[in-house]
Amino acid sequence: SIYNISEEIEDEIGKNIGLLNTQVLKKVNENVTNLNEVKEKLKHYDFHDFGKEENIKYPDEINKIKNDIKTVDQQIDHHINKLEEIKKKSGRHIDEIKGKIDKLEKVTDKTIYSKDPKEIEEKIKNIVTKIDEKKNIYNKINKLLDEISEIEKDNTSLEKVKDINLSYGKSLGKLFLDQIDEEKRKAEYMIKTMEAYIDDLDNIKNKSQEIEKEMNINMDVNKEMKVLNISHDYGKIYHTISKNHEEKISDIHKNSLKIIQEFSTESDINNIKNDLQRNVSESKNHNNYINQSLSKIANLYNILKLNKIKKIIDKVREYTNEIEKNNKNINAELSNSKTLIKKLEDDLNLKECKSKIESTIDDKDIDGCINNITDLKTYILNEENNINTYFKN
């Protein structure tokens with residue numbers, strides 16, 4: 001009958017409304033979940049690695065990324081709020097069915113046997129009204145699905161997230177590559193310093209041989225190295241080891257550059273960051289080994305240099321003591337010379353001889369004076385010989 005057919009149509013529309021509402025709820029929940037995941041990903045962009053606000057690296061790039069993240073976050077919130085509102089609207093439409101349509105009288109099997117034309121007309125009117133109401137609600141809920149589709153089609157936020165991922169990845173890669181570059185420069189500088197020390201060590205050995213001849217000093221460089229249990233190619237061994245570590249740092253630099261060049265919008269930031277951080281750490285470890293080698297060579301250089309200086313100072317001190325001793329002896333001899341001169345000047349016999357020679361006396365007096373002069377001459381010659389002997393020594 002027409003009544004049964006109408007009820008079937010009404011029930012079918014009701015079922016479709018229920019399915020449509022379920023679909024709306026499912027799509028809303030899926031999209032909200034996806035958008036919240038994107039929001040969560042945005043929180044993972046850590047800017048602490050770039051330094052504090054007042055001293056941040058690449059400020060223009062980082063500030064742009066931060067602003068983009070803020071914009072995308074706001075867009076996502078807008079979409080989530082819109083989806084939640086769609087969910088509420090769909091629920092209100094379901095409540096509307098219960099509120100309006102359930103008030104209309106439902107046609108029962110008894111209606112078939114009713115012969116009252118007015119009653120039959122009223123029943124038909126009720127059925128048509130309920131069908132129209134349900135169709136109207138179905139269309140409204142279906143429009144909500146269209147709104148959800150529009151939100152899903154809006155890829156602006158997702159594309160922006162990809163751009164953010166790429167920009168952040170490049171900045172992060174640049175940051176860590178700069179750190180590896182710094183370690184590379186440190187390694188080069190330390191090895192150059194090491195080479196300078198090795199050259200100086202060779203000079204110490206060569207100069208030590210010259211000093212041994214010129215100053216009559218036993219430098220004993222080889223003996224000192226033997227006591228220190230150090231071979232003659234000590235510096236070259238550590239230099240070779242350090243060059244190997246420097247090469248490792250260069251390899252790390254190439255590997256890091258490759259990681260950065262292969263970075264894309266889809267790359268996992270955390271994995272990239274972990275790889276680059278590990279490369280920085282390994283570079284620093286290699287430099288620690290180079291620094292240890294440099295310290296050992298520098299210590300050997302300082303030990304040999306200080307010992308050489310000490311031996312030269314000891315020899316100079318020996319010369320100084322000898323000079324002081326000679327000065328004292330010279331002063332003593334000078335004092336003796338003055339005493340001799342004074343003695344000669346004050347010698348009364350000599351003065352007496354002089355007066356006798358100038359006057360008329362006999363030969364005996366003259367012979368006595370000559371003997372006195374001869375004795376004084378012998379004394380003077382002896383003193384002169386003593387002084388000459390001292391200065392020759």
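The values are calculated or read from the model by the stated rules, or taken from the named source; none is laboratory data. Keep in mind that this is a model prediction, so the values were computed, not measured. Glycine gets a Cβ as well: all are built from the backbone with ideal geometry, and neighbour counts include every protein chain shown.
Key figures for this structure:
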{"read-out": "Subset of the range 3-18 (residues that are surrounded by fewer than 16 Cβ atoms within 10 Å (Cβ to Cβ) and closer than 23 Å to ILE148 by Cα)", "value": "LYS15, ASN16, GLY18"}
{"read-out": "Test: residue in the range 104-116 that is at pLDDT 60 or above and outside any helix (DSSP H, G or I)", "value": "yes"}
{"read-out": "Odd one out for ILE131 among (1) outside the structural domain of HIS253 (by TED's automatic domain parsing); (2) surrounded by 12 or more Cβ atoms within 10 Å (Cβ to Cβ); (3) closer than 28 Å to GLU37 by Cβ", "value": "(3)"}
{"read-out": "Test: residue in the range 19-37 that is over 30 Å from ILE137 (Cβ atoms) and surrounded by fewer than 16 Cβ atoms within 10 Å (Cβ to Cβ)", "value": "yes"}
{"read-out": "Filter result for ASN287 (out of contact with any His (no Cβ under 6 Å at 6 or more places or on another chain) and either exposed (fewer than 12 other Cβ atoms within 10 Å of the Cβ) or assigned by TED's automatic domain parsing to the domain that holds VAL38 (or both))", "value": "no"}
